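Contents: one structure, followed by commentary.
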């Protein structure tokens, strides 16, 4: 958003509308919304008075019983209210930044709020959620529209407002005209489809039962958003009306529930014809969209406006945004109470104009809608029906004895050799009642190392297992309920979002499952838009799904949501030209230019560097891209402010030109130096006004300017079995840069394509702390290393098109008594429980370690909630909430029965990485071995009753020693085997960020035999048969010369062909006549029309499913080359420097007897 | 006895320790270390060996602590990226409390030393 008076006249002009409320010389953006509303209401006219309207004989009686005088008064007023109150609306939320004064120093100059320049966007965005929901701030009496308290809202001239100039004027004016059209069209469809699906289950609402509702919403999933958008998008595309509605919705909704909810009902006839017909609600803007088939939750769901083109730098107190601070901590000053009072009273009234806008332009407003609307919810507000059921389900844990017994079966590792299950291990089911289990969070998203949480720290210590969570919060989901609601219902004390595991004490109160505080159910929440029934808060989708996504209102913004901004920083030194990545990168970007996540505001920029820094002017109107060279790398400056980051849509031709010519431009480069540091500083300066994503491509050690690095690796030490040096960064330049970036919401992703040592240890810091991702392609060369090239291309394809969330924060809350103490992953920990993620991508995962501070004896359930607040690439603020519920146990055997061996392994891996950096690698390895020793001895002394000799572990943990051995043989942690430092560090980075399943496949690959697959247990998906060969132990004794074996290592498949392999398999699957004719570097499986080939490919495709980055396949022949690839992964075997599985077990036994 | 250099040292140390008590609470790392180093040198010059011996362990700890700080280009001890880890935070807090106790005790010790030297 542009500050008035900046270099951007048109965008600043558009915000001046508040001072010209009637739009005399209205700038385009003000006209936009005004046109939108009529068109929307026109479309609702298709079913005008809904068909079920006739079914209201009892309405008058009911309506008299409801004191709805208020609403009538309101509707009477509201016709001219819009005109009169236009200015006053701004006062309403002008108070909100005012309330912020104590907390945000930049706002701390109240005087500056009353300057001459009206500015709406920003002040509203700094509301605190808790202010909204804290009823103590919201006295009930409505004062009515009084005199304006603060006549003009203005924004203090931001220091350095010159950066607003980065938004090109043409961009900011181009879109508003388009948007209303987009919005009204789908709306129309949705409305017209609705009457057909309305059996009168609840006559008052004409609601379709869920079963019918779903397809409707499903098909029109996007429209539901768009319909609601007018109010939610108001912050962007309209003026402030919509936002007034939101900000006021909160406090009013949070008033103590009264017996006469209809006092809050207001009638705005036009709105009654709205899509969801939830006119009985007082704020009438609740639209709920349950969309079971959303593959991407916002795939086109939003029509984004362009008016928030450029963001303004605001204090980064996301801490308060996501709601970390408690309402109690608000300074309880008189001042504030007063403001809150007027705030609520204003809000309640001004809410109406937002909706009057449409009706005002229509003459056929039908007041009768009110009449049927209001009584009907009275009619259906029955006593809470399922209270007893629900609490029973919550409290009672029906045990699953047989599962538990199996998990607890003592396994003697020295005797049992076949430990692997036939299919890859699934996450253990928590021992919960069926109801809870059904709604619990997917283990792919949220997993706890102990699915039965020990009651006390003492019990946890006794179990000798780590307690922690593994999270994959932004994972691509097939199904995600997206909820648009005025008030996001949260616990008033701990700010937990309402979730399926809360207890409803009665119809109007719910008890938080994390802090046990009793909260009120807001009126709005009583209505369920899915079933269209009132009085069933426990049927709301928030309470039915453990993973939901809320569309956040402006309370959750510190600044207008940023557009998607991408900057590519490319190494064009001689080394890079030699490696030849540029051409493939440019091709890939060109190919995916239209698929880059974003909307019409998406901006893109390029920056190349060798010993100098080259900027590219891509301003629309130029005939070809201009290169601007800055050779002063000691004091980097930005040569031009508004033309380097350009709107992708407007400058697409220039961007394409640049991408086409870029590879050739530097083909003659002889410059061998690389000034990465200055280039990153330039990137930071370019991006800091908006935030966004910086993608760095680097092919060599940075040798010039700030952040230059020296080669620290001694190749002779690569296979040393002593410690590994230089696991810590050489300089803190990259870390500081990353922290600066994180503060400005810039995420830095690094693609390292170096064939030499490039000190990834130091470089990785730039991504680690700015929540970026790291990709490493050792020995990349476009000709000599086709495998890496293919991987690079595949990764790029995914990387460029994958979903992205900007300016995100994540907070993990857990039941009182549990506390999180260490985080693992790429982020910056801003406060003890708040992770700041400048960018969030669907492929990165996080881990946390927890301890039990107080006994959990109060409750039989422990809950964990991860809330990720982010800006979608369409400029929407969204909150994704995952809630996991686990039983609390007080028996050690139960703890072991619920242990999740894969999660434990991954958490231990993360802890080992930390240990190896802070202490030493050998320390970390010892700690891992000790973890096994501790478990076995703890189990032996505490649980196992029979005093048998040998290594006895519970069946749930039978794979633990195997996994730990596999961990010790990983590149990240191995010693003795020659490992390049960069590869080791990259493996460490991967451990920290890969989701659990991917990590487990990397640690302990899945091995299958392919040449004799039977159809036994095969899956039948659609019309393909996917055979399910059993898992094999990773040992050479399971591999025979006459077979073909597939090893799934997560990001790569190895298909090993034995010397005596069945010739039919070679011919039918690989298309080669015999073993000898298999080419040495075969990287694909040909699509042959033979049944065997089809089955193999079906199996491979099935394995590829649900994998973010598609894996490459290598066909490995049984010769010397296989030793370094295939046999390296057979972790149960002895290698030159590491012991075999049985030796490892013996070692454990020795350690135990010490 | 008279107002000797040693008495002056004790008086100075008394005042500075009062400052250190606050620094230990606020975690002003470098000033704290420098002040502590400064009056250790003063005690060395005044040949107050016992007092110096009492302070030497802390001096050594300070040197070790600053040598083993995370890689940083600017002065400082705490790394923003790791300080929020509960174990490191707990360690730093515990360190602060221990130092606070030490400074409080040494405050009274210096008072005693000052009075002891000053009184005939």
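The values are calculated or read from the model by the stated rules, or taken from the named source; none is laboratory data. This is a predicted model, so every value here is computed, not measured. Virtual Cβ from ideal backbone geometry, glycine too; neighbours counted across all protein chains shown.
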Problem set entry | the range A:929-944 - residue that is assigned to a helix (DSSP H, G or I) and in contact with a strand residue (DSSP E or B) (Cβ under 8 Å, 6 or more places away or on another chain) and, of those, farthest from residue A:449 (Cα to Cα) | A:940
Problem set entry | Segments classed as strands (runs of 3 or more DSSP E), wholly inside the range A:738-840, with at least 1 members that are under 20 Å from the mean Cα position of the chain (by Cα) and more than 12 Å from every other protein chain (Cβ to nearest Cβ) | A:746-752, A:774-776, A:805-814, A:834-840
Problem set entry | residue B:65 being surrounded by fewer than 16 Cβ atoms within 10 Å (Cβ to Cβ), assigned to a loop (DSSP other than H, G, I, E, B) and either more than 14 Å from chain A (Cβ to nearest Cβ) or modelled with pLDDT of 85 or more (or both) | no
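Let's see how each residue does on (1) in a loop (DSSP other than H, G, I, E, B); (2) within 27 Å of residue A:898 (Cβ to Cβ):
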| site | (1), (2) |
| --- | --- |
| A:426 | yes, yes |
| A:447 | no, yes |
| A:461 | no, yes |
| A:466 | yes, yes |
| A:505 | no, no |
Exercise. For residues in the range A:1034-1062 being under 16 Å from residue A:1074 (Cα atoms) and crowded, with 16+ Cβ neighbours inside 10 Å, which is nearest to the chain's Cα centre (by Cα)?
Worked result: A:1055
Exercise. Which one of the conditions (1) surrounded by 17 or more Cβ atoms within 10 Å (Cβ to Cβ); (2) within 19 Å of residue A:1040 (Cβ to Cβ) does residue A:1123 fail to meet, given that it meets all the rest?
Worked result: (1)
Exercise. Residue check: is residue B:89 facing chain A (nearest Cβ under 10 Å), surrounded by 13 or more Cβ atoms within 10 Å (Cβ to Cβ) and either out of contact with any helix residue (DSSP H, G or I) (no Cβ under 8 Å at 6 or more places or on another chain) or in a loop (DSSP other than H, G, I, E, B) (or both)?
Worked result: yes
For this session: Quickly run through the range A:1063-1099 and pick out the residues that are closer than 30 Å to residue A:478 by Cα, in contact with a strand residue (DSSP E or B) (Cβ under 7 Å, 6 or more places away or on another chain) and buried (at least 17 other Cβ atoms within 10 Å of the Cβ).
Result: A:1085, A:1095, A:1098, A:1099
Exercise. In the range A:717-729, how many residues are facing chain B (nearest Cβ under 8 Å) and either surrounded by fewer than 19 Cβ atoms within 10 Å (Cβ to Cβ) or over 33 Å from the mean Cα position of the chain (by Cα) (or both)?
Worked result: 1
Exercise. Do we have residue B:26 as under 30 Å from residue A:726 (Cα atoms) and either without any contact (Cβ under 8 Å) to a residue 24 or more places away in the chain or within 14 Å of chain A (Cβ to nearest Cβ) (or both) here?
Worked result: no
For this session: Working only within the range A:841-859, note down all residues that are within 14 Å of chain B (Cβ to nearest Cβ) and assigned to a loop (DSSP other than H, G, I, E, B).
Result: A:853
Exercise. Yes or no: residue A:887 part of a loop (DSSP other than H, G, I, E, B) and away from every other protein chain (no Cβ under 13 Å)?
Worked result: no
Exercise. Looking at A:606, A:550, which one is in contact (Cβ under 8 Å) with a residue 40 or more places away in the chain, crowded, with 21+ Cβ neighbours inside 10 Å, in contact with a strand residue (DSSP E or B) (Cβ under 8 Å, 6 or more places away or on another chain) and over 30 Å from residue A:501 (Cβ atoms)?
Worked result: A:606
For this session: Count, please, the residues in the range A:1119-1138 that happen to be in contact (Cβ under 8 Å) with a residue 40 or more places away in the chain, more than 21 Å from residue A:786 (Cα to Cα) and assigned to a loop (DSSP other than H, G, I, E, B).
Result: 8
Problem set entry | Members of the range A:618-650 found to be over 31 Å from the mean Cα position of the chain (by Cα) and closer than 19 Å to residue A:590 by Cβ, listed by number | A:618, A:620, A:622, A:624, A:625, A:627
Problem set entry | Matching entry among A:523, A:571, A:476 (being within 30 Å of residue A:655 (Cα to Cα) and assigned by the TED database to the domain that holds residue A:863) | A:476
